[in-house]
1. As an exercise: evaluate ILE141 against (1) out of contact with any His (no Cβ under 9 Å at 6 or more places or on another chain); (2) surrounded by fewer than 18 Cβ atoms within 10 Å (Cβ to Cβ); (3) farther than 30 Å from LYS187 by Cα; (4) modelled with pLDDT of 95 or more and give the number of the one condition it does not meet.
2. Among GLU133, GLU116, which is the only one that is exposed (fewer than 15 other Cβ atoms within 10 Å of the Cβ) and not in a strand (DSSP E or B)?
3. Just the residues that are within 27 Å of LEU43 (Cα to Cα) and in contact with a Leu (Cβ under 8 Å, 6 or more places away or on another chain), please, taken from the range 200-221.
4. Quick one: what pairs do we get from the range 117-133, first residue of a type in the set (Asp, Glu), second at pLDDT 95 or above, C-beta under 6 Å, 6+ apart or different chains?
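The values are calculated or read from the model by the stated rules, or taken from the named source; none is laboratory data. Note that this is a predicted model, so its numbers are computed, not measured. Cβ: placed from backbone, ideal geometry, glycine included. Neighbour counts: every protein chain shown.
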Amino acid sequence: MWKNCCAALALLLCMSAQAEAHFGMVIPSTSTVTAKKDAALKLDIAFAHPMELQGMDMAAPKAFTVTHDGKTQDLKANLKPATLMGHKAWQAAYAIARPGVYQFAVEPVPYFEPAEDTYIVHYTKTVVAAFGEEEGWGEPIGLKTEIVPLTRPFANYAGNVFRGQVLLDGKPVPGAEVEVEYYNKDKRYAAPNELYVTQVVKADQNGVFAFGVPWAGWWGFAALNTAKETLDYKGTAKPIELGAVLWTNFAAPVRK
């Protein structure tokens with residue numbers, strides 16, 4: 001009887017953890033700029049459970065940058081307060097003037113999650129290609145932890161298999177666990193039950209993972225690791241969850 005109760009409790013906690021996956025979010029107005037009318041990007045920056053559209057208040061990011069042609073520009077001054085999913089979030093505008101691949105990245109201040117008794121820091125990025133230039137989309141940009149795409153991270157069809165490599169301090173993370181969620185912005189889909197909300201894949205010995213994207217829209221990939229250091233919370237040392245998050249868009253073909 002006791003064993004059955006413990007097993008049931010463990011299952012309940014597992015289901016709850018799956019349903020409560022956190023994601024840093026950086027969602028641009030488009031991931032492919034092919035005309036000047038699309039070059040004035042708007043970027044939404046948030047911290048949320050994207051499939052369930054449950055937002056959380058997000059403090060002003062510690063850093064917000066764009067990397068283009070090997071150079072990184074500080075964009076923190078571009079941030080403006082916003083409300084997304086009913087909670088405090090951020091928005092930014094950025095005008096693309098030249099062809100190239102633009103990697104936007106956010107480093108948040110540590111967020112303490114009481115339910116997990118841990119701090120969460122998600123280094124979050126997205127990639128935008130402009131005016132036909134594609135070189136450099138697979139280059140790391142030097143974040144503490146990041147997902148380096150092995151599949152071009154833009155102009156993909158729904159149904160494609162996406163591959164990426166998880167890095168921590170510039171080195172591959174063998175067996176990294178990667179959570180995957182859909183940004184259910186239009187409330188188009190509902191999960192059959194809690195276990196479907198967050199998909200989970202494991203990276204191989206080289207930190208490489210693969211995921212077949214089932215339908216069109218924005219998909220987030222979050223590779224989670226625990227930092228060696230801790231942070232103080234009311235006089236007690238707490239662990240830090242380091243998340244390498246990448247958002248990329250998958251589209252359905254246009255019917256004529």
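1. Of (1) out of contact with any His (no Cβ under 9 Å at 6 or more places or on another chain); (2) surrounded by fewer than 18 Cβ atoms within 10 Å (Cβ to Cβ); (3) farther than 30 Å from LYS187 by Cα; (4) modelled with pLDDT of 95 or more, only one is false for ILE141: (2).
2. Working: GLU133 fails: exposed (fewer than 15 other Cβ atoms within 10 Å of the Cβ).
Exactly one of GLU133, GLU116 is exposed (fewer than 15 other Cβ atoms within 10 Å of the Cβ) and not in a strand (DSSP E or B), namely GLU116.
3. Matches in the range 200-221: GLY220, PHE221.
4. Listed by first residue and then by second, the contacts come to GLU133/PRO99; GLU133/GLY100.
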